[in-house]
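Undergrad: Attaching a single structure in structure tokens format; questions to follow.
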Amino acid sequence: MYIEGRYIVSACALLFIQQSLAGGMDCTKAATAVENFVCANKGLYELDAQMGAVYRALFKVSTPAQPGLKRTQRLWVKARNECAEDISCIDKRYRERLQVLQAEWQAAVANQPDDLDKQALDDLQKSIQAASKNNPEFALERTLAALAVKTPAGGFSGDANKDDASITHFPTAKPKGATGAEWKALTASRISDAAETGLSSYTLQDLDGDGQRDLIVNTYAGGTGLFTYVETWRRDGERFVKRSVEPESSLFYLNDRGANQSADWISLRGRTYAAYRNSEYGADRLYLLNPLKINVQVPTVTVRYSYDLDVPALQHKDDGKSTFQLEPNLHRVLNQAVAKVNETATTSKEPLCPIPPTGAGENDYYSYGPASYTIEKVADLSVFIGKDCYIGALIDWFGNYSEKNGLFAQLALRKPDRDGDGLTYEVYGRRQVIEVGTSIGRVELD
């Protein structure tokens with residue numbers, strides 16, 4: 001199974017899990033003015049339900065800490081009640097407590113990479129290094145393809161919403177991709193989608209090697225970043241249990257605008273991993289996520305590349321179809337400029353072009369300026385065309401790379417003392433692996 005996305009901004013919040021509502025306070029037993037006020041307010045009651053779900057989950061996994069947990073919860077209730085009927089005060093108390101409980105629960109249940117994970121990480125590093133000798137451009141991709149999970153899987157889609165084609169719901173009748181026993185367990189588990197709304201699909205796959213297929217929920221939620229969220233549910237006998245009780249939870253997410261991300265389900269040392277990739281110019285970072293647990297410290301492979309960049313003499317016009325030929329001297333100057341680009345974004349300590357006595361000001365001469373979140377500015381640079389100095393920026397789409405074109409980038413140029421449109425030239429590059437490193441740390445989302 002393979003899921004691909006290209007661009008990212010930042011994480012979007014998911015709403016509370018469906019089961020949490022069933023765990024809110026029993027309003028028939030509300031004994032204080034604040035409890036009655038919470039029961040009468042939908043937003044506060046939902047926060048109470050979220051907090052209750054996380055508190056019970058933490059209490060269950062933290063046996064030695066239960067007395068202290070009870071004590072701090074009683075103190076919190078006292079502080080909440082001091083808010084009387086001040087809705088903003090009550091809301092703040094709930095959100096602060098929920099954040100604390102979620103952090104404590106995550107610390108209690110977080111997966112700790114063991115020796116087998118470290119061996120799998122070492123195996124993956126060696127496989128990529130070996131593949132790079134024959135294919136320095138696509139060593140990572142070829143290695144992941146060779147390690148793809150091969151165990152049988154079944155899948156099905158959600159039921160369409162009659163009123164909104166952009167939303168699906170968990171099926172109401174047994175789909176072809178599930179067995180009778182699996183369907184019985186699914187219907188007993190109140191399965192929620194990986195995002196509040198969107199188009200969801202479901203895959204049954206044994207993720208922990210126990211002989212029972214677990215559930216992968218993939219939801220395309222769209223939005224500004226065209227997000228896709230992926231969450232998992234572990235088969236536990238007659239039920240499926242969600243990987244996380246946190247309201248803002250997904251195993252990983254992909255964004256189709258503003259990043260270069262993908263995920264492969266791979267097998268190493270007899271274990272299944274969600275190999276989650278977050279890339280940029282010069283580096284692919286691959287995180288081995290345990291698909292059924294909370295991941296904090298994660299085995300990570302970083303593949304670094306060098307590029308042979310080229311500004312082709314034949315350029316496309318703005319319509320994308322018509323072409324024009326660069327004048328030989330300009331062609332040479334542009335290639336000389338991109339040849340000096342480093343593999344990390346740079347900000348010059350010296351002005352890129354000479355600062356005149358009067359003009360736009362000093363700040364206009366040190367950097368091309370900020371780029372849109374949908375693209376990555378690799379480096380600022382100066383380009384001299386004849387007697388004119390231009391401030392340039394090499395931009396790409398977070399290292400996005402194809403077999404046909406390699407790296408596609410652009411060299412944008414502007415005069416430092418002028419407003420308005422500048423010049424833009426196509427840049428292509430071919431890469432090769434220069435380093436394959438490993439570490440264990442947090443997943444980094446740029």
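The values are calculated or read from the model by the stated rules, or taken from the named source; none is laboratory data. Quick caveat: nothing in here was measured; it's all calculated off a predicted structure. Backbone-built Cβ (ideal geometry, glycine too); neighbour counts: all protein chains shown.
Undergrad: Restricting to region 128-158, what's the tally of residues that are over 16 Å from Y276 (Cβ atoms), surrounded by 15 or more Cβ atoms within 10 Å (Cβ to Cβ) and in contact (Cβ under 8 Å) with a residue 12 or more places away in the chain?
TA: 12
Undergrad: Let me ask you something else. Of the residues K184, K118, which single one is in contact with a Pro (Cβ under 8 Å, 6 or more places away or on another chain), modelled with pLDDT of 95 or more and part of a helix (DSSP H, G or I)? Steps first, answer last, please.
TA: Details: K184 fails: in contact with a Pro (Cβ under 8 Å, 6 or more places away or on another chain).
Checking each option against the conditions leaves just K118.
Undergrad: Condition first: aliphatic (A, V, I, L, M) and not in a strand (DSSP E or B). Can you find one or more residues in region 373-380 that meet it?
TA: Step one: filter region 373-380 for residues aliphatic (A, V, I, L, M), giving 375, 378-379.
In the following step, the residues that additionally are not in a strand (DSSP E or B) were identified as 375.
Looking through region 373-380, at least one residue is aliphatic (A, V, I, L, M) and not in a strand (DSSP E or B).
Undergrad: Find the residue count for region 255-271, including only residues that are modelled with pLDDT under 95 and among the hydroxyl-bearing types (S, T, Y).
TA: So the count comes out to 0.
Undergrad: Follow-up. Among what's in region 402-442 and is of a type in the set (S, T, Y) and touching a Phe, Trp or Tyr at 6+ places or on another chain (Cβ under 8 Å), pick the residue that is surrounded by the most Cβ atoms within 10 Å (Cβ to Cβ). First the steps, then the outcome.
TA: The first filter runs over region 402-442 and keeps only residues of a type in the set (S, T, Y), leaving 402, 424-425, 428, 438-439.
Among the residues that remain, those that are also touching a Phe, Trp or Tyr at 6+ places or on another chain (Cβ under 8 Å) are: 402, 428.
On the way: S402: 8, Y428: 15.
That would be Y428.
Undergrad: Quick check on region 383-399. Is at least one of its residues outside any strand (DSSP E or B) and within 22 Å of D318 (Cβ to Cβ)? So that I can check it myself, show each step before the final result.
TA: Here is the first cut: in region 383-399, the ones outside any strand (DSSP E or B) are 386-387.
Retained after the next criterion (residues that are within 22 Å of D318 (Cβ to Cβ)): none.
No, the conditions are met nowhere in region 383-399.
Undergrad: When region 400-444 is examined, which residues are found to be within 24 Å of R285 (Cβ to Cβ), of a type in the set (A, V, I, L, M, F, W, C) and part of a strand (DSSP E or B)?
TA: Answer for region 400-444, where residues must be within 24 Å of R285 (Cβ to Cβ), of a type in the set (A, V, I, L, M, F, W, C) and part of a strand (DSSP E or B): L407, F408, A409, V427, V433, I434, V436, I440.
Undergrad: Only one residue in A65, A53 is in contact with a Gly (Cβ under 7 Å, 6 or more places away or on another chain), modelled with pLDDT under 90 and either exposed (fewer than 13 other Cβ atoms within 10 Å of the Cβ) or of a type outside the set (S, T, N, Q) (or both), so which one is that?
TA: A53
Undergrad: Of (1) outside the structural domain of I191 (by TED's automatic domain parsing); (2) within 26 Å of R271 (Cβ to Cβ); (3) in contact with a Phe, Trp or Tyr (Cβ under 7 Å, 6 or more places away or on another chain); (4) not small (G, A, S), V149 satisfies all except one. Which?
TA: That leaves (1) as the condition not met.
Undergrad: Of the conditions (1) in the same structural domain as D48 (by TED's automatic domain parsing); (2) of a type outside the set (A, V, I, L, M, F, W, C); (3) not in a loop (DSSP other than H, G, I, E, B), E85 satisfies every one except a single condition; which number is it?
TA: (3)
Undergrad: Considering every residue within region 222-240, establish whether at least one is part of a loop (DSSP other than H, G, I, E, B), in contact (Cβ under 8 Å) with a residue 40 or more places away in the chain and closer than 28 Å to D115 by Cβ.
TA: no
Undergrad: Sticking with this structure for a sec: Are any residues in region 419-442 farther than 16 Å from V311 by Cα and free of Cβ contacts under 8 Å to residues at least 24 places away in the same chain, and if so, which ones?
TA: Step one: list which residues in region 419-442 are farther than 16 Å from V311 by Cα, which gives 419-422, 432-442.
D419, G420, D421, listed by residue number.
Undergrad: How many of the residues in region 377-418 are over 30 Å from V433 (Cα atoms) and in contact (Cβ under 8 Å) with a residue 60 or more places away in the chain?
TA: So the count comes out to 2.
Undergrad: Taking into account only those residues within region 74-99 that are in contact (Cβ under 8 Å) with a residue 24 or more places away in the chain and within 29 Å of Q297 (Cβ to Cβ), which is surrounded by the fewest Cβ atoms within 10 Å (Cβ to Cβ)? It would help to see each step written out before you state the result.
TA: Residues of region 74-99 that are in contact (Cβ under 8 Å) with a residue 24 or more places away in the chain, as a first pass: 80-81, 83-85, 87, 90-91, 94-95, 97-98.
Those left that are additionally within 29 Å of Q297 (Cβ to Cβ): 95, 97-98.
Numbers: R95: 13, R97: 20, L98: 21.
This residue is R95.
Undergrad: Among the residues of region 117-127, is there at least one that is hydroxyl-bearing (S, T, Y), free of Cβ contacts under 8 Å to residues at least 40 places away in the same chain and over 30 Å from S262 (Cα atoms)?
TA: Taking every residue of region 117-127 in turn, none turns out to be hydroxyl-bearing (S, T, Y), free of Cβ contacts under 8 Å to residues at least 40 places away in the same chain and over 30 Å from S262 (Cα atoms).
Undergrad: Now for a separate question. Could you list, in sequence order, all residues of region 166-202 that are surrounded by fewer than 20 Cβ atoms within 10 Å (Cβ to Cβ), under 23 Å from L254 (Cβ atoms) and of a type in the set (S, T, N, Q)?
TA: S166, T197, S201 - these are the residues of region 166-202 that are surrounded by fewer than 20 Cβ atoms within 10 Å (Cβ to Cβ), under 23 Å from L254 (Cβ atoms) and of a type in the set (S, T, N, Q).
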